[in-house]
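Contents: one structure, followed by commentary.
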Amino acid sequence: MILAREVRVIDDEKKQLGVLPLSEALNLARQKGLDLVEVAPEAKPPVCRIMDYGKFLYEQHKRAHEAKKHQKQSQLKEIKFRPKISGHDYQFKLKHIQRFLEEGNKVKITVMLRGREKARPELGQQVLDRLLTDIAGYGRQDGETKHHDWALSLLVVPTGKTGKTGGQDAKAKNSQGSSEEVQSNRQKENSSEPGQ
């Protein structure tokens, strides 16, 4: 639906044909068995190309798909803590935060306060300060710490340069040994058994 009376026309071989009346441009397109496509409607006069409209839409869709494929989709993950968290639980959640940051995700850290803890928010702040020092190589705080009656929370974003000490390296360290290592371990076990 081209509304302008005159358009600047580019033919199917990308040659400029100049400014033509709309009816003449449409006739040229029909003679070649192609469509007249408005490619720059904001120009004065609008720029139109003689081309296959279906192919044009396909190429646009393909370009948009390629651009989307190269974008990194970042997600917001949330991890909740309590002021009196056990050492094991703390380490478990810390590893999750480090992995999320390595993957390029943002992490919202919330320290939940219940009962008498609400009167002592500094306990929650101590947990947040400890976390920030433990994830220093993975991420940094973004914005201020938010104080609520029931919780303290902050947002951590990845620093960009992360030393991948979590996920993949840990798996590599715990991978099964080669068949030679397994055999040599069996021989050691058999030689140390009594009664041989």
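Some notes on this structure:
- Stretchable slack from TYR90 to GLU42, in nm (0.36 nm times residue separation minus alpha-carbon distance): 11.5 nm
- In loop segments of the stretch 59-108 as defined by DSSP, the trypsin sites (Lys or Arg not before Pro) with at most 12 further C-beta atoms inside 10 Å of their C-beta are LYS72, LYS84.
- Here the ratio of the Cα radius of gyration of the stretch 87-129 to 2.2 N^0.38 Å is 1.36.
- For the stretch 76-163, the fraction of C-alpha pairs farther apart than 18 angstrom is 38 percent.
- ASP52-GLU13 pseudo-label distance in nm [points 7 Å out on the Cα-to-Cβ vector]: 1.9 nm
- Charge sum, other residues only, whose C-beta stays under 15 Å from VAL19's C-beta, Lys/Arg counted +1 and Asp/Glu -1: +1
- Scaled against the 2.2 N^0.38 Å expected of a compact globular protein of N residues, the Cα radius of gyration of the stretch 1-130 reads 2.15.
- A crude spin-label estimate for the pair SER74 and TRP150, with each label 7 Å from Cα along the Cβ direction, gives 2.8 nm.
- GLU66-ALA4 pseudo-label distance in nm [points 7 Å out on the Cα-to-Cβ vector]: 2.7 nm
Each value in this text was obtained by applying a stated rule to the coordinates, not by laboratory testing. Quick caveat: nothing in here was measured; it's all calculated off a predicted structure. Neighbour counts are summed over all protein chains in view; Cβ atoms, including those assigned to glycine, are modelled from backbone coordinates with ideal geometry.
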